[in-house]
Amino acid sequence: MKVAIALQFKASPIGASTLLLATVAVGVLPATIAWLTKLLFDELGRGDRADSGRAVALGIAVAALGALVAVLLQMSGYLDEMVRRRLVVTVEHDLFAKVNEFRGLRRFEDPAFHDRLRLAQQASEDAPHNITMFSQEVVRSVAALSGFTGVLLAVWPPMVGLLFLVGAAALLARMSMARRQVAVWEMTSGRQRRRLFYRSLLIDPRAAKEIRLFGLGGFLHGRLVRALRDATEAELAVARRSAWIQSGFAALNAVVAGLGMVVVVAGAARGRFTVGDVMLFIAAAAGVQGAFTGVVTQAGSAAEAVRLFGHYLDLMDTPDDLPPGTEPVPALSRQLEFRDVWFRYDTDRPWVLGGVNLIVPAGSAMGLVGRNGTGKSTLIKLLCRFYDPERGAILWDGVDIRTMDVVELRQRIGVTFQDYMAYDLTAAENIGIGDLAHREDRDRIRASATLAGIHPDLAELPDGYDTQLSRVHLDEDDEKTGVTLSGGQWQRVALARSLMRGDADLLILDEPSSGLDPEAEHEVHRTLREHRSGRTSLLVSHRLGALRDADTIAVLADGRITELGRHDQLMALADGHYARLFGLQAAGYVDRQEPARIAEDAQ
C-alpha cells in the first residue's frame with residue numbers, strides 16, 4: 001500500500017497533495033454544517049425570543065459552507081481523475097519498462113508469465129488509484145466521524161456502539177468478498193487470455209482469409225463466447241453473494257437508524273431534546289453511516305487492488321532470465337564456435353540440440369541445412385543470445401558470449417528471421433527501425449531496400465517511403481489510408497530491415513527468399529553475395545540451390561552436425577543427407593521425359 005500511495009505522489013505531487021487537503025475538508029465540513037443547522041433550528045424554535053440577526057447569520061453560514069462543500073466535491077472529482085490518469089501513465093510506463101528489461105525470450109514464451117502480465121497490467125490501470133482512494137476515504141471518514149461521534153454520544157451513546165458494530169461486520173464481510181473476487185480473477189486469467197486471443201483473430205486482417213475460406217468464424221466465435229461465459233459466470237457468482245451480504249447489512253443499518261430515530265423522537269416529545277437536537281442526531285447518524293459505507297466500499301476495492309497490485313510488484317521484482325554480461329564485444333576477427341552445445345526449451349521436454357560442434361571462420365559464409373524441427377532456428381536464437389545453452393558454450397573469437405554485454409553483442413548482428421514482423425508503420429520506418437540510430441537516414445534506407453530488391457516497389461507507393469503499410473491503423477498525423485504489401489514484398493522489407501546494420505560483423509539470413517518468385521530470388525541472392533563478401537554469414541534455407549556458393553555447408557540432424565563441407569564435397573558422400581535432399585529438389589526441376597526425347601532425336 002505504501003508503494004501505491006508513493007506512486008500517486010510521484011505521478012502528480014501537487015494534484016495528490018491538493019486532493020488530500022480537499023478530501024479532509026469535505027470530511028470535516030458536513031459535521032460543521034450539521035452543528036450550525038442545529039443552532040439555527042434551536043434559534044428558530046425560540047419563537048418571539050429568537051434573535052433574527054443571529055438566525056440570518058447562521059443561515060448564511062450554512063448556505064456558504066454548503067456551497068463550499070459542493071465546490072470542493074467538484075474540484076475533488078477533477079483532481080481525482082487527473083491523478084488517476086497520471087498514475088496510470090506512470091505505472092504503465094514502469095511496467096513496460098520492466099518488460100523491456102527482459103533480455104531473453106523465455107518469459108515471453110511462458111503462458112503463466114502472460115497471465116501474470118495481464119493481471120499486472122490490470123493492476124497498473126486501477127489498483128494504485130483504488131488503494132489511494134481508500135486512503136483518502138479513510139482520511140475523510142475519520143474527519144467526519146470525529147465530528148459526528150461526539151454528537152451521538154451526547155444524544156444517545158448506544159447508537160455509537162450499534163453503528164460501529166454493524167460497520168465493522170460489513171467491513172469484514174466486504175474484505176472476505178474482495179479476496180474471493182481476486183481469486184476468481186486469478187482462476188479465470190487463462191480463459192480471459194484465450195478470449196482476447198480469439199477476439200484478436202476474428203478482427204485480424206491476416207487471419208481473415210483463412211477464417212472465411214475454412215468457415216472458422218462460428219468456430220472461433222463459439223470459443224470466444226464460451227471463454228467469456230465461463231469467466232463471467234464465475235465472477236457473477238461472487239457478485240451475487242456479495243449483493244446478498246451487502247443488502248443484509250444495508251437493511252441492518254436501516255433498522256439501527258430507525259431504532260435511534262424512535263429513541264430521540266420520543267425524548268424530544270418528553271422535552272428532553274430540542275428540535276435542533278433531533279435534526280443534528282439525524283444528520284450525525286446519516287454521516288456516521290455514510291462514512292462507514294464509504295470506508296467499506298473503498299476497503300473492498302482496496303483489498304482487491306492490494307492483491308492485484310501484488311502481481312504488479314512481483315513482476316517488477318522478477319529477475320531477468322539472462323545475465324546481462326559485462327565484457328565488451330570486439331569486432332569478429334577469427335571465428336564463431338559452437339562447442340558441445342546442448343539446449344532444450346524446458347526440463348521436461350526433449351533436447352533440441354544435443355552436442356553441436358561447429359566453427360564458422362570469420363569472413364566466411366556458412367550454410368545451414370536440416371529438416372524442419374531439427375534446431376536451425378534454435379541455433380540462431382542461441383547465437384543472438386535470446387537463450388543460453390544448458391551445456392556447452394558459444395564462443396566469439398574464443399570468448400563465451402554469456403560474458404559479453406548482450407546489447408552490444410546484438411548490435412553486431414544483423415538478422416532476417418523466418419517469422420519476420422510486418423509493422424503497421426510507414427515503409428521508411430519499417431526498414432529504418434533495423435538500426436534506430438540511422439532510422440531517419442533516407443539514403444541508408446534506400447540502399448538497404450535496393451539490396452533487398454524492394455526499392456522500386458516502395459518508390460512507386462502513393463507517398464513513396466512515407467506510405468503507411470497498413471489498412472488497419474491510419475497515419476497518426478494526417479490520417480492517410482495505407483496500403484498492404486504482398487507476402488514476398490513484406491519479406492524483402494524485412495530483409496532490408498536487417499541490412500540496415502551495414503557494419504554488422506555477423507549477418508544471419510533465415511529463409512530470406514522463401515516467399516520470392518524465382519527471378520526475385522535470383523536477384524536478391526546475387527546482390528546479397530556481393531553485400532556479404534568478406535563478411536561472416538550464416539545462411540539457412542530449405543532451397544539448397546541458394547546455398548551452393550556458401551564456403552561451407554553444415555547439415556543439422558538429430559540435434560548435432562552430421563555433415564560438413566562444400567557443396568561438391570557433400571554431394572560426393574555416399575548416402576549423404578545433403579546429397580539426398582539436393583537430389584530430391586533437383587528432380588523437381590527436371591522433365592523426366594527429357595532424356596527419352598533426347599535419345600529419340602539422336603536416333
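Return the residues of the range 343-362 that are in contact with a strand residue (DSSP E or B) (Cβ under 8 Å, 6 or more places away or on another chain) and either polar (S, T, N, Q) or in contact (Cβ under 8 Å) with a residue 60 or more places away in the chain (or both); say none if nothing qualifies.
Hits for the range 343-362 are TRP351, VAL352, LEU353, GLY354, GLY355, VAL356, ASN357, LEU358, VAL360, PRO361, ALA362.
What are the pairs with Cβ atoms under 6 angstrom where one residue, in the range 211-238, is in contact (Cβ under 8 Å) with a residue 60 or more places away in the chain and the other, located anywhere, is part of a helix (DSSP H, G or I)? Sequence gap at least six, or different chains.
VAL238/ARG180; VAL238/GLN181; VAL238/VAL184
Out of all the residues in the range 209-225, is one or more of a type outside the set (Lys, Arg), modelled with pLDDT under 80, surrounded by 12 or more Cβ atoms within 10 Å (Cβ to Cβ) and out of contact with any Gly (no Cβ under 8 Å at 6 or more places or on another chain)? Let's see the steps before the verdict.
As a first pass, look at the range 209-225 and keep what is of a type outside the set (Lys, Arg): 210-211, 213-222, 224-225.
Cutting the leftovers down to modelled with pLDDT under 80 gives us 210, 213-214.
Within this subset, residues satisfying the condition of being surrounded by 12 or more Cβ atoms within 10 Å (Cβ to Cβ) are none.
No: the range 209-225 contains no residue that is of a type outside the set (Lys, Arg), modelled with pLDDT under 80, surrounded by 12 or more Cβ atoms within 10 Å (Cβ to Cβ) and out of contact with any Gly (no Cβ under 8 Å at 6 or more places or on another chain).
Please name all residue pairs, on different chains or six or more residues apart, with Cβ atoms under 8 Å, provided the first residue is in the range 482-505 and is among the polar types (S, T, N, Q) and the second residue is assigned to a helix (DSSP H, G or I).
What qualifies is THR484/PRO205; GLN489/ASP457; SER498/GLY434.
Select from the range 350-364 the residues that are assigned to a loop (DSSP other than H, G, I, E, B) and not polar (S, T, N, Q) and write down the one among them that is farthest from SER537 (Cα to Cα).
Applying the filter and picking the extreme gives PRO350.
Mind checking which residues of the range 538-563 are of a type outside the set (D, E, K, R) and out of contact with any helix residue (DSSP H, G or I) (no Cβ under 8 Å at 6 or more places or on another chain)?
Across the range 538-563, the qualifying residues are HIS542, THR552, ALA554, GLY559, ILE561.
From the list VAL295, VAL306, VAL263, VAL256, which one is touching a Gly at 6+ places or on another chain (Cβ under 9 Å), in a helix (DSSP H, G or I) and in contact (Cβ under 8 Å) with a residue 40 or more places away in the chain?
Being touching a Gly at 6+ places or on another chain (Cβ under 9 Å), in a helix (DSSP H, G or I) and in contact (Cβ under 8 Å) with a residue 40 or more places away in the chain holds for just one of VAL295, VAL306, VAL263, VAL256, which is VAL295.
Could you go through the range 316-333 and let me know if any residue there is in a helix (DSSP H, G or I) and modelled with pLDDT of 85 or more.
Yes, that holds for at least one residue.
Scanning the range 419-452 for residues that are among the small types (Gly, Ala, Ser) and surrounded by fewer than 19 Cβ atoms within 10 Å (Cβ to Cβ), which turns out farthest from GLN491 (Cα to Cα)?
Here the answer is ALA437.
Have a look at ARG592, ARG535, ARG529 and point out the one that is buried (at least 16 other Cβ atoms within 10 Å of the Cβ) and at pLDDT below 85.
It is ARG535.
State yes or no: is LEU332 in contact with a strand residue (DSSP E or B) (Cβ under 6 Å, 6 or more places away or on another chain) and buried (at least 19 other Cβ atoms within 10 Å of the Cβ)?
When the stated conditions are applied, LEU332 passes them.
Report, by residue number, each residue of the range 393-417 that is part of a strand (DSSP E or B) and buried (at least 18 other Cβ atoms within 10 Å of the Cβ).
Just the residues of the range 393-417 that are part of a strand (DSSP E or B), to begin with: 393-396, 399-400, 404, 413-416.
Scanning the range 393-417 gives ILE394, TRP396, MET404, ILE413, GLY414, VAL415, THR416.
Condition first: in contact with a Pro (Cβ under 9 Å, 6 or more places away or on another chain) and more than 23 Å from LEU395 (Cα to Cα). Now tell me which residues in the range 306-365 satisfy that.
Across the range 306-365, the qualifying residues are PHE309, TYR312.
I'm trying to understand the selection: among the residues of the range 52-103, which are small (Gly, Ala, Ser), crowded, with 16+ Cβ neighbours inside 10 Å and at pLDDT below 90?
Residues satisfying the conditions are ALA55, SER76.
Given the criteria acidic (Asp, Glu), within 14 Å of LEU368 (Cβ to Cβ) and touching a residue at least 24 places away in the same chain (Cβ under 8 Å), does ASP551 qualify? So that I can check it myself, show each step before the final result.
Numbers: acidic (Asp, Glu): yes; within 14 Å of LEU368 (Cβ to Cβ): yes; touching a residue at least 24 places away in the same chain (Cβ under 8 Å): yes.
Criteria met by ASP551.
Please verify whether GLY367 is assigned to a strand (DSSP E or B), in the same structural domain as ASP400 (by TED's automatic domain parsing) and under 28 Å from HIS525 (Cα atoms), treating the condition exactly as stated.
yes
Among the residues of the range 69-114, what is the count of those that are part of a helix (DSSP H, G or I) and touching a residue at least 12 places away in the same chain (Cβ under 8 Å)?
26
Can you work out which of the residues in the range 178-204 that are polar (S, T, N, Q) and crowded, with 18+ Cβ neighbours inside 10 Å is nearest to GLU233 (Cα to Cα)? Outline the logic, then answer.
Here is the first cut: in the range 178-204, the ones polar (S, T, N, Q) are 181, 188-189, 192, 200.
Retained after the next criterion (residues that are crowded, with 18+ Cβ neighbours inside 10 Å): 181, 188-189, 192.
Details: GLN181: 12, THR188: 10, SER189: 14, GLN192: 13 Å.
My answer is THR188.
The values are calculated or read from the model by the stated rules, or taken from the named source; none is laboratory data. The structure displayed is predicted, hence computed values, not measured ones. Don't worry about glycine lacking a Cβ; one is built from the backbone with ideal geometry, like all the others, and counts go over all protein chains shown.
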